[in-house]
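Participant: Pasting a structure below so you can have a look.
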Amino acid sequence: MKLRLHPRVGLAGAVAIAALLLALPLAGVLAPRWQAEAERLASVRPPVLRPVAQAPAAVLPALGDSHLRVAELLERAADHGVVVLRTQQRTDTPGPVRRLQLSINCSGSYAALRAFVAAALQADDGLALDRLRLRRNDVGSATIEAELQWSLLLPQPAMPRGSRP
């Protein structure tokens, strides 16, 4: 028996139709799994975090703890499998709250980076993620390079009585 193709379909069209016909049973098997995964992900809600702008200075950790808080952030990165390549800090002082801007260049898997960011934000009320930049050098690589810019909020030191800013 010789298979005859319609002249408009051609060999490429026949291969495409065969692939679609083979994919239908596969989709029927995988669709329930995909639906269950989508429902599971929809039921998982991220923790509700209050905006940093509403955080009163009284709930921020003490001023002397800034180095300890940076060290804890870097240790948390290592605990999640994130490799810190470079850090840079600078301080911004206007207003009742002092802002320590921390830039961290790091690398790791997407899951590790995501878990690290979530854990860091959950652990420190005075920490805000200002910017997250991801870059993958090789399409097949599991390692992602990231640039994370954080703001570490610190209360201003108390002014001595009788002095003016």
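Participant: Tell me the net charge near Glu147. Cut-off is 10 Å between Cβ atoms, Glu147 excluded, with +1 for each Lys or Arg and -1 for each Asp or Glu. Don't skip to the end; give the middle numbers.
Facilitator: Details: positive: Arg86, Arg131, Arg133, Arg135; negative: Glu145.
Spelling it out: positives minus negatives among the neighbours equals +3.
Participant: Could you compute the FRET efficiency for Arg135 and Leu11, with r as their C-beta to C-beta distance and R0 at 45 Å, rounded to 0.05?
Facilitator: That gives a FRET efficiency of 0.60.
Participant: Let me ask something additional. Relative to the present Cα-Cα distance, how much length would full extension add between Gln35 and Glu72 at 0.36 nm per residue of separation? Numbers along the way, then the final one.
Facilitator: On the way: separation 37, 0.36 × 37 = 13.32 nm, distance 3.90 nm.
Length difference between fully extended and current span is 9.4 nm.
Bear in mind these aren't lab numbers, they're just calculated from the coordinates by the rules spelled out. Everything numeric in this text was worked out from a predicted model, so none of it was measured. Cβ coordinates were reconstructed from backbone atoms using ideal geometry, including for glycine residues, and neighbour counts include every protein chain displayed.
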